[in-house]
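Derivation of every value follows stated rules applied to the coordinates shown; laboratory data play no part. No experiment lies behind these values; they were computed from the predicted model shown. All Cβ positions, glycine included, derive from the backbone under ideal geometry; neighbour counts span all protein chains shown.
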Protein chains: 2
Amino acid sequence: MRVIRTAAAQLGPIQKAEDRDSVVARMIALMDEAKRQDADLIVYPELALTTFFPRWYHEDRAEADHWFEREMPGPATAPLFARARELGMAMSFGYAELTPEGRHFNTSILVDRDGTIVGRYRKVHLPGHDAFDPERTHQHLEKRYFEPGDLGFPVWRMLDGILGMCICNDRRWPETYRVMGLQGVEMVVLGFNTPSVNSQRNAEGIEERLFHHRLSVQAGAYQNATWVVAVAKAGDEDGHHLTGGTLIVDPNGKIVAELAGEADGVIVYPCDLDETRFGKETIFDFARHRRIEHYGRITAQTGVVLPD
Amino acid sequence: MRVIRTAAAQLGPIQKAEDRDSVVARMIALMDEAKRQDADLIVYPELALTTFFPRWYHEDRAEADHWFEREMPGPATAPLFARARELGMAMSFGYAELTPEGRHFNTSILVDRDGTIVGRYRKVHLPGHDAFDPERTHQHLEKRYFEPGDLGFPVWRMLDGILGMCICNDRRWPETYRVMGLQGVEMVVLGFNTPSVNSQRNAEGIEERLFHHRLSVQAGAYQNATWVVAVAKAGDEDGHHLTGGTLIVDPNGKIVAELAGEADGVIVYPCDLDETRFGKETIFDFARHRRIEHYGRITAQTGVVLPD
């Protein structure tokens, strides 16, 4: 048994006007609750420190820079790191990263029990669009405010296991899990902010959105025999509703814990990394069963090439 | 609207002693029923003409050759082709193929309304093992009796659409659907013979097997915005039970039709290929969203490479 007691720490809505100090206080309260439940690791959502700002259009791109962090930890997040160190709690959360070179990424980090940042991931699959779209019921400007991640899908040894990260829309892409699976990943942690209505198909409401969410993470877990910990920012942000759906999926693809509601909350589950072995050694023993000679299109072409 | 009225034609068990003429008569009865329901296309299971023989061990490999077809159509299957032509019914079914060069494949074909074989697929992901395994509760010798398919995952234009095939265990591998998705596939047809008990984990019974089946085909459909038609051989073959789970999944990942029971039976559903457009043009518009520069491991390495 190699158990990581893992806390999936959902955040309820963060209004546009709420400042980082307030959010960090909420995150610390969740961490304290996770500690009471004896967690080793706490996972927070994507863009945990602010509202889901890609819904807001700024004609002047630079106006959006106040949503970004120029250092990590910075003044607002230092108390979170301090508490995590004090509690010996590993953690992962997402934030908007502005690099010293002026580049913008949708980023998450993996922080060990001693407060060291051991891993950094930058969101590869940016959904949405890069210019104002009057045909949508709401904007989803991730392609405007971020560039695609440039770090691939690495994994890291931490807490006696092999951990990886992805963010929100990445979870819908089987390539995400497979690249990590090919590095032996045992737990994928991911945060998300998913609008409850598809901006291009109003009829697609929250139940269908949650169905696609669960389907994608359960398939990714099963097909790579890995734990997946998926954590939502949920509820009504300035009139824009985000789905909940915070859950933990075992290496068999089963949901073992799911958080109800849209408020700040924690679920803790003892994830035994040794449970990944059966799948990795049998039906998904990649070395015995994969046939890469027939997968060429996956890396040779980006878009569709229709047959003659 | 580009509707293919599609019949998923499940076969109940085929005992070891049952001959091909008898099986073909059952297949024709299902075709007649599909025609009464105005189907354009009928899909039968993997290895439709015989029992699931990879459960039987022959020390002399050549003894198994009697399970294989040396020509298609051959004497036993000619009546099936004749009836399909007469009814103007397109069809797909699986069989064990022995080539003139003496090669063995687990094969399926796609036959147009006029009886022309327009497509041939050879199973790429062979599960199981190649030698007798005394530790298993039953044998699964696909790696003994077949070589891996050598044709990749092509697609074909037929019935005013783009169709592809895969077989059984292929459906658990996201690469299968993705390679076809990258060719614009609108309907994947597949047959399967899935033992109701995992030969390496007895506790994994039929409900869990069906869960993994549904999860895999629903994720493949959603993530490539394609119809998937999955057809079982079901029930008790000489004391060895196969799951049912014949179903049709829409391009949204939803099960729209599912056949109950383990007997011969047909479900017909009007699959509108234009329903694939929304997914292909928005969230799974590959050209806009895929990032192949980060997928390299998927085709560069077969097995796992652990991090340092």
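Tabulated values for the structure
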| item | result |
| --- | --- |
| Cleavage-rule hits (GluC sites (Glu not before Pro)) in region B:24-94: DSSP loop, at most 10 neighbouring Cβ within 10 angstrom | B:59 |
| Positive-end residue of A:292, A:163, A:181, charge dipole of the protein assembly as shown with Cβ unit charges | A:292 |
| Exam field: residue A:29 pseudo-label spacings to other copies (7 Å along Cα-Cβ), nanometres | 6.7 |
| In sequence order, calculated HN-Hα J values of region A:43-50 (Karplus, 6.51, -1.76, 1.60; Hz; x Gly/Pro) | 10, 10, x, 4, 6, 6, 8, 9 |
| Label geometry 7 Å along the beta-carbon vector: residue B:282 inter-copy distances in nm | 3.9 |
| In order through region A:120-130: 3J(HN,Hα) via Karplus (6.51 cos²θ - 1.76 cosθ + 1.60), integer Hz, x for Gly, Pro | 9, 10, 10, 3, 8, 9, 7, x, x, 8, 10 |
| Exercise: per-residue mean of other protein chain Cβ atoms within 10 Å, A:167-174 | 4 |
| Per-residue Cβ neighbour rank within 10 angstrom, fewest leading, B:123, B:143 | B:143, B:123 |
| Local electrostatic count at residue B:63 - Lys and Arg +1, Asp and Glu -1, tallied over other residues with Cβ under 14 Å | 0 |
| From phi via Karplus (6.51, -1.76, 1.60), per-residue ³J(HN,Hα) for region A:228-234 in Hz, x at Gly/Pro | 10, 10, 10, 10, 9, 9, 10 |
| Estimated distance in nm for a label pair at residue A:306 and residue A:16, the labels positioned 7 Å out from Cα along Cα-to-Cβ | 4.2 nm |
| Under 24 Å from residue B:16, Cα to Cα: lysines that are on another chain or at least 8 residues apart | B:123, B:143, B:233 |
| Estimated translational D of the protein assembly as shown in µm²/s (Stokes, Kirkwood radius over Cα pairs; 20 °C; 1.002 mPa s) | 85 µm²/s |
| Of A:35/A:280; B:254/B:280; B:35/B:280; A:254/B:254, those spanning more than 27 Å from alpha-carbon to alpha-carbon | A:35/A:280; B:35/B:280 |
| About the Cα centre, charge dipole magnitude for chain A (Lys/Arg +1, Asp/Glu -1 at Cβ), debye | 760 debye |
| Neighbouring partner chain Cβ atoms per residue of A:123-130, average, 10 Å criterion | 3 |
| log₁₀ of I(q)/I(0) at q = 0.11 Å⁻¹ - chain B, Debye sum with one point per alpha carbon | -0.64 |
| Label distances, nm, residue A:300 versus same residue in remaining copies, Cβ-directed 7 Å point | 1.8 |
| Net charge over other residues, Cβ less than 11 angstrom from the Cβ of residue A:128 (K, R count +1; D, E count -1) | +2 |
